[in-house]
Amino acid sequence: NVSMEAIKEFNSLPSDVVYSGQALLIPLCRRNPTPGPTPTATLPPPYPAPNLLLPTDGESFAGSSQTITLQWASVGTLRTGEAYAVTIEDVTAGTNLKVVEYVTDTKLIVPASMRPTDNAPHIIRWYVNAVRQSGTTQDGEPLWVSFGKTSEQRVFSWTGSGSPAETPAAQ
């Protein structure tokens, strides 16, 4: 299943003429493909859970102007239409604040909307999983489905800097 041209080229033959008993090398690496079904691309198996790196579990931050970056280890090379879903929740009683961001990098700066504005410590929980786009909404926004295991959950505390209480004037 090797073409005559490949045999001629591999053996440096000037023409199609071969003699009885002449030794020829057959370049098996240049075989013609065997007829059969056309291979189709297969999707990779679901990704493992991302390993969270920073901040460490239980770390504390202070100041509402502080920037907090979440980081995790890559689960492998993401394909087109894949991303990480990063879920960030303020689990402090009464806040009901939750954000899900979709990124292709392995880090995310916590959005300003999550910054506490009071002096009370807020407990922020976060976790990551790989997702794949399954379509789009009517508005053209991507629809994502989980395509891997979810990371462990980590928490950190973040104390804002609301308006300081006024000091009574001396009399």
query: Per residue, how many Å² of accessible area does the stretch 25-95 show with a 1.4 Å probe?
result: 63
query: Given charges of +1 on the Cβ of Lys and Arg and -1 on the Cβ of Asp and Glu, with all other atoms neutral, how large is the dipole of the stretch 18-133 about its Cα centre, in debye to the nearest 20?
result: 700
message: Report the Cα-based extents of the stretch 1-87 along its three principal axes, largest first, to the nearest Å.
response: 89, 28, 19
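Taking the Cα centre of the stretch 73-150 as origin, work out the dipole magnitude from +1 charges on Lys and Arg Cβ and -1 charges on Asp and Glu Cβ, in debye rounded to 20.
In total the dipole reaches around 260 debye.
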message: If you roll a 1.4 angstrom probe over the protein chains with everything in place, what fraction of the accessible area of the chain belongs to carbon and sulfur, to the nearest %?
response: 54
- prompt: So for the pair LEU28, GLN71, with labels modelled 7 Å out along Cα→Cβ, what separation do we get in nm?
  reply: 5.0
- line: Largest fluctuation, LEU28, LEU143, LEU97 only, Gaussian network model of the chain with Cα springs under 10 angstrom, belongs to LEU28
query: Karplus couplings for the stretch 19-36 from phi (6.51 cos²θ - 1.76 cosθ + 1.60, θ = phi - 60°), rounded to Hz, Gly and Pro as x?
result: 10, 4, x, 6, 7, 10, 9, 9, x, 4, 5, 10, 5, 6, x, 7, x, x
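To the nearest 20 Debye, how big is the dipole of the stretch 1-83 about its Cα centre, given +1 on the beta carbon of each Lys and Arg and -1 on that of each Asp and Glu?
300
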- prompt: For the stretch 5-37 and the stretch 97-145, what is the separation of their C-alpha centers, rounded to whole Å?
  reply: 59
message: If you split all Cα-Cα distances of the chain into 10 Å bins from zero, what percentages do you get per bin, shortest first?
response: 8, 24, 18, 12, 9, 10, 8, 5, 3, 1, 1, 0, 0
- request: Mind telling me which of GLY140, GLY81, GLY36 comes out most flexible in a GNM of the chain, alpha-carbon contacts under 10 Å?
  value: GLY36
- line: Largest fluctuation, SER15, SER65, SER146 only, Gaussian network model of the chain with Cα springs under 10 angstrom, belongs to SER15
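The values are calculated or read from the model by the stated rules, or taken from the named source; none is laboratory data. Everything numeric in this text was worked out from a predicted model, so none of it was measured. FYI the Cβ positions are ideal-geometry reconstructions off the backbone, even for glycines, and counts take in every protein chain you see. SASA here: full protein model, heavy atoms, side chains in, ligands and nucleic acids out. Shrake-Rupley method; radii C 1.70, N 1.55, O 1.52, S 1.80 Å.
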